[in-house]
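This report refers to the structure that appears directly beneath it.
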Amino acid sequence: MRRACHVLCGAAVVLLTTGCEDFFDIEPQNEIILEQFWTEKSDVENIVAGCYSAMQADAVVRRMMVWGEFRSENVGIGMNIDKDADLEKVLKENLDAKNAYTAWESFYQVINRCNTVIKYAPGVAASDPAYTESELKANIAEMTALRSLCYFYLIRAFRDVPYSTDAYIDDDQAMALPATPFATVLDSLIQDLEGVRGDAVEYYPTTEPRYQTGRITKDAINAMLCEMYLWKQDYDKCIAYADMVMESKKKWAEENRTSLTSYSTSSSSQYERTGGYPLVNAYSNSYYGNAYNTLFTSDAYVNYYTPEIIFQLIYSDNPRGESMLANTAVNTLYGNARYLVGYAAPSEYVIDDISSTGSRTIFAERNKKMDARLYENCNLVLGSVNKYVYQTVIIDATSTTPKVGYGGLYAENENGSNWIIYRLSDIMLMKAEALVMKAQDGATTEVATANKPILDAAFQIVNWVNKRSLCETELVDTLLRSDYATKAQMETLVLQERQRELMFEGKRYFDLVRQARRNASTKDLSTAILRKVTTGGALIANKMSKMDAIYWPYNYEELKVNTNLKQNPAFSSGEDDSYQKNY
């Protein structure tokens, strides 16, 4: 794990000392000698805050974006890409082991901070009566979940990774660990989360509104377990944890409906539109775009008690004034007021697909003028990513052709949009995917009869998510159940709806990898990637025909210091500069 494991090494703890008045405030770092630390409750609180701030770091969020999305057909080259040659290689599917985005150090820094809290917090509870047993358990649940989330990102990107739950605080500790297999790590993460989920906080106090979505809750842990079981192909448990999240959110919304500005429970049509689940209204004050304006913007606009949001990283659009971090990863990669197009942009395939008046593969033809996400995801005029970049999107759908207004680009280095890791529509669509996977293969009448209730249930969930975004006050169906009669057709629908709903949120490439693992074939993943490729398609197709190639290579420098790591076979020794030299 290289230098990352030294973040809390030597006899010192690197800590972000944060004031209790605001958990997310960022103050200068200090080094605290271990013998003088871990003596009272505030010491634990400070390091816990430091773990969250480490998750907010530019290096972490960039990799959440790049690993989870940028190798997919959604993302292409934007402006000023010459400032990031490594990203250009990623976007051209021309990876090598010297690419900066193969570095995983920032994730292991978070992991080691979490391990350190888990190691030392029990001693504080034993010596400080103010630090209660329930607080200790809740903090350990938080740290176990953040650690698990980091490892989950790592195994989805690299497959097999060095895995340890020990706190590295001594230079004599062995850190050159071999890679642990994907399945072993995944099982360990699931076991850990199931062990602590009962100790996690369900609801933070209303006096701390940012905590409810910006810190780990029981819903956040259940969301992680839902996704992990989906990857494990244990579909019954995936569905069970999805139901826990969905029902928890519905219950909370019902109990707090009078204080929710973004969930119009007074509208029976909206309630029916989303099956009673608290997805944010697309429509508000005579315009559409309200869901975007509630979910993907800064502190000034987001209601932190919006029940659709499960867990997110909190940022500020006034970083100097509030002593908080801005979302510099989104600011650079997706764009800002100075550079309207970031280093990355919607691929030509996505732009053409949205703009087309003929056959499309992402948005169905009957959705053309009715789906708000057509306008929320991309700016077709600039060819830029909208999501997380604009503070407002207003869609006037009173005419045949909707009129769209974009307002309030964040200033350079002052993007305050919170990075959402889990929200309710994501979990609902995971349940839909798991339901489809429980259906039988085959085309006989008996199979069709057995599959019908399962596929009906999956379609209903997709339709709820889809209807939320319709620029239409009347309850209409833009998806028809008859178009998705088979298991294969319904699987395509679910993945298409995930692509529409979660575009540019760091999800699409991981969805394609999960599908490839499930099918033991890279065919669909390769086909998706080739949709955005303009040159070298045959070379990339050959490369991506190998399952090893859908993962990332280990970083070349990492291999030099950790001789127990063996390079991903798709990338030879790791010394090659590009795919072109590998073949």
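The values are calculated or read from the model by the stated rules, or taken from the named source; none is laboratory data. Please read all numbers here as calculations on a predicted model, not as lab measurements. Methodologically, a virtual Cβ is constructed for each residue, glycine included, from the backbone with ideal geometry; neighbour enumeration extends over all protein chains shown. These area figures cover heavy atoms from the full protein model, side chains too; ligands, DNA and RNA do not enter into them. Shrake-Rupley method; radii C 1.70, N 1.55, O 1.52, S 1.80 Å.
Rounded to 0.05, the FRET efficiency of the T535 and T492 pair, given R0 = 30 Å and the Cβ-Cβ distance, is 0.60.
Computed over the stretch 180-259, the convex hull of the alpha-carbon atoms projects to a mean area of 5.9 nm².
Of all the accessible heavy-atom surface of the chain, with the other protein chains kept in place and a 1.4 Å probe, what percent is carbon and sulfur? Taking all protein chains in place, the chain shows 49 percent carbon and sulfur surface.
With bins 10 Å wide beginning at 0, the percent of Cα pairs of the stretch 78-174 falling in each bin runs 14, 32, 26, 17, 9, 3.
Over 19 Å apart at the Cα level, from the set K438/K467; K237/K438; K89/K232, are K438/K467; K89/K232. The percentage of C-alpha pairs in the chain whose separation is greater than 37 Å is 30%. Normalised radius of gyration (Cα atoms, divided by 2.2 N^0.38 Å) for the stretch 33-78: 1.86. Just how far, in whole angstrom, is the stretch 68-147 from the stretch 511-571 if you go by their alpha carbon centroids? Here the two parts' Cα centres lie 22 Å apart. Note on the stretch 82-133: percent of Cα-Cα distances in each 5 Å bin, starting at 0 and stopping at the bin with the largest distance, equals 4, 17, 15, 11, 10, 9, 8, 6, 6, 9, 6, 0. The protection proxy used here, the mean number of other Cβ atoms lying within 10 Å of each residue, ranks peptides 487-494, 533-540 as follows, highest first: 487-494, 533-540.
Of the complete DSSP H runs in the chain, those spanning 15 angstrom or more by Cα along the long axis with a mean Kyte-Doolittle score not below -0.5 are 41-55, 105-127, 133-158, 182-196, 218-232, 424-438, 445-468. Equivalent-ellipsoid semi-axes for the stretch 472-583 (Cα gyration tensor, √(5λ), whole Å, largest first): 36, 15, 14. Projection of the Cα convex hull of the stretch 404-469, averaged over all directions and equal to a quarter of that hull's surface, yields 7.2 nm². Annotation: average projected area of the stretch 128-227 is 8.2 square nanometres, based on the convex hull of Cα atoms across all directions. I need the Debye-formula profile for the stretch 411-536: one equal scatterer per C-alpha, no solvent, reported as log10 I(q)/I(0) at q = 0.09, 0.10, 0.21, 0.22 1/Å, two decimals. Results for the stretch 411-536 at q = 0.09, 0.10, 0.21, 0.22 Å⁻¹ read -0.32, -0.39, -1.28, -1.33.
Counting only residues at least eight positions apart within a chain, or on another chain, the aspartates and glutamates with an alpha carbon under 13 Å from that of K507 are E69, E73, E227, D426, E497. The stretch 48-108 has equivalent-ellipsoid semi-axes of 23, 12, 11 Å, by the square roots of 5 times the alpha carbon gyration tensor eigenvalues, sorted largest first.
Computed over protein heavy atoms with a 1.4 Å probe, the accessible surface of the chain works out to 36 Å² per residue.
The GluC sites (Glu not before Pro) of the stretch 175-229 meeting both criteria, a DSSP state outside H, G, I, E and B (loop) and at most 12 other C-beta atoms within 10 angstrom of the site's C-beta, are E202.
When E308, E557 are compared by accessible area of protein heavy atoms, the largest-first order is E557, E308, using a 1.4 Å probe. Scoring 107-115, 501-509 by mean Cβ neighbours within 10 Å over their residues and listing the highest first yields 107-115, 501-509. Candidate cross-link partners of K487 among the aspartates and glutamates, defined by an alpha-carbon separation under 15 Å and a same-chain spacing of 8 or more, comprise E433, D441, E446, D456.
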